[in-house]
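In what follows, a structure is listed as structure tokens, so that the remarks can point back to it.
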Amino acid sequence: MSRSAHPAGPRHADVMTEGHYTAPPADLNALDPKVWARTVTRDEDGTVTVGGIEVTRLAEEFGTPAYFLDESDFRARCRAWADAFGRDADVFYAGKAFLSRAVVRWLQEEGLNLDVCSGGELTTALDAGMPAERIAFHGNNKTVAEIERAVTVGVGRIVLDSFQEIARVAHIAQRLGKRQRVQIRVTVGVEAHTHEFIATAHEDQKFGIALAGGQAAEAVRRALTLDGLELTGIHSHIGSQIFDMAGFEVSARRVVQLLAEVRDEHGVELPEIDLGGGLGIAYTSEDDPREPHEIAKALGDIVTRECEAAGLATPRISVEPGRAIVGPTAFTLYEVGTIKPLEGLRTYVSVDGGMSDNIRTALYDAEYTVALVSRTSDAEPMLVRVVGKHCESGDIVVKDAFLPSDLAPGDLIAVPATGAYCRSMASNYNHALRPPVVAVRDGGARVIVRRETEEDLLRLDVG
Ligand code: LLP
């Protein structure tokens, strides 16, 4: 379709947008390595490849919408975290970000442990051969059946989230003739600078037991008296998509203070602390995430210093990154459908997916970028909003971005940094079929989660 068929919306640097894109990027064809998976490149001739395979070929073979995951990037990030934290610490990948059997195998091969927060995630982990002792089980409302299963298979730790759960897990473990290793999740009272729905260490929310008012100390008191429990440490997770290390430092300091109080009161030095996940990634060129070695050093230093000051032996630290490992490794590939220019506003570009494969924009006002990847273009930039095909005006994938004004139906566009919390939060809204996840590596591509089919939908409908 010719450019004149799509009169572009506002195009210039003084465009007011709701997001952070006030000016188009200098080169619309450039792919910023900050936001794209490591092996994604645009060759001299304009061809975009991932893992050595052209995205146009991937679209032909696997269809759209689809998530393409750069397996070597995923593995490299696992190794970077494991190396940064070293032998004296443990890295638990947070499976909620994205979990499949292939992922569980990669984690084992790269030496990581796994955090699960439901029976379904536990099943996936065990089915793919993750040793139970390398699994941590989380959740604010684990069911009795989930706890029984976790204790029976012998998960390495259950992270206790409430007073009721302390009693419940102790009772179940005792009934099963086991002594379950547990940590207690505390809320340290830090206001993490992130979206309200993904901040978890302030006191007015559902997770954990507050340090404030001596509640966490009381939880430790109870856990230490129960035969079914072996209390090994304290856990704190302050939120998600956080860039500022200050919150983690306050959290580490308060957790160590609790360890010192426990030592003073009970004569027991708890040997572990877990500082959770939550490290931010680059969704746009303006985000500057920390590298795993910086994070490891900052956390290690603070814990060592605080422990020395309190006369405690340094406990074994663990962390639970989810997004920081899988987030940057995947992009979602869409085919452009209807293009609707709204004079004086912007151009709406509809794709063949939407809020069913990426709810983050609607839910958290998340920012993403987008690029035309099936060809290059020298056309003028046009301000676009990338929207899905769902019956909701909030069905927005990318709120404000620039694409070339010769964009046409049938073009392929890709949204980077969709590896975390996109497939794992995907839905069947409007009976959408959830897209596949295709792992790409060294010139080979294989489906690790297949596309849903209409038969899948009908199979659940038994009326
Ligand atoms: N550990 C615990 C106890 C958690 O609750 C979470 C995330 C993590 C680790 C991993 O956090 P990460 O490193 O991935 O930030 N759906 C939201 C994020 C919710 C995070 C829930 N808990 C989003 O799409 O941003």
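See the values below:
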item	result
Proportion of all alpha-carbon pairs of segment 138-258 beyond 25 Å (%)	25
Kirkwood hydrodynamic radius over Cα pairs of the chain, then Stokes diffusion coefficient at 37 °C and 0.692 mPa s, in µm²/s	140
Efficiency of FRET between Thr314 and Arg79 - r from beta-carbon atoms, R0 30 angstrom, step 0.05	0.80
Rounded to whole Hz, the Karplus (6.51, -1.76, 1.60) HN-Hα couplings of segment 76-89, x for glycine and proline	5, 5, 4, 5, 4, 5, 4, 5, 4, 8, x, 6, 8, 9
Distance cut-off 20 Å, percentage of C-alpha pairs in segment 364-463 lying past it	53
Neighbourhood charge, 12 Å Cβ-Cβ cut-off, centred on Pro292 and excluding it, Lys, Arg +1 and Asp, Glu -1	+1
Lysines with Cα under 20 Å of Lys340, excluding same-chain neighbours fewer than 8 positions away	Lys389, Lys399
Residue-wise HN-Hα coupling along segment 254-265, computed from phi with Karplus coefficients 6.51, -1.76, 1.60 (Hz; x: Gly, Pro)	5, 5, 5, 4, 5, 4, 5, 5, 5, 4, 5, 7
Length-normalised contact order for the chain - Cα pairs under 8 Å, 6+ apart - percent	21
Distance histogram for segment 122-197 (every C-alpha pair counted, 5 angstrom bins, percent rounded to whole numbers)	3, 15, 25, 21, 14, 10, 8, 3, 1
Amide H contacts under 5 Å for Leu231, placed H, 5+ residues apart	Val182
Estimated [θ] at 222 nm from DSSP helical runs (n ≥ 4, -39500 (n - 2.57)) normalised by residues in the chain, nearest 500	-8500 deg cm²/dmol
Computed E for Leu224/Arg305 - FRET, C-beta separation, R0 22 angstrom, nearest 0.05	0.25
Å² of accessible area per residue within segment 138-321, as computed with a 1.4 Å probe and no ligands counted	42
FRET efficiency for Arg87 and Asn141, using Cβ-Cβ distance with R0 set to 30 Å, rounded to 0.05	0.30
Backbone HN-Hα couplings from phi across segment 365-376 [Karplus 6.51/-1.76/1.60, Hz, Gly and Pro as x]	6, 5, 9, 9, 10, 8, 9, 6, 10, 8, 6, 9
Long-range HN-HN contacts of Ser318 with modeled amide H, under 5 Å	Asp90, Ile273, Asp274, Leu275
Computed over segment 319-415, Cα set: Rg, Dmax in Å	13.8, 49
Nearby aspartates and glutamates by direct alpha-carbon distance to Lys297 (threshold 18 angstrom, same-chain neighbours under 8 apart not counted)	Asp83, Asp88, Asp90, Asp244, Glu249, Glu272, Asp274, Asp288, Glu306, Glu308, Glu320
Under-5 Å amide H pairs with Asp115, H placed in peptide plane, nonlocal only	Tyr93, Ala94, Gly95, Ala136
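The values are calculated or read from the model by the stated rules, or taken from the named source; none is laboratory data. Because the structure is predicted, anything quoted here is derived from the model rather than measured. In this analysis, Cβ positions are derived from the backbone assuming ideal geometry, glycine residues included, and neighbour counts consider all displayed protein chains. Calculation scope for accessible area: heavy atoms of the full protein, side chains included, ligands and nucleic acids excluded. Shrake-Rupley method; radii C 1.70, N 1.55, O 1.52, S 1.80 Å.
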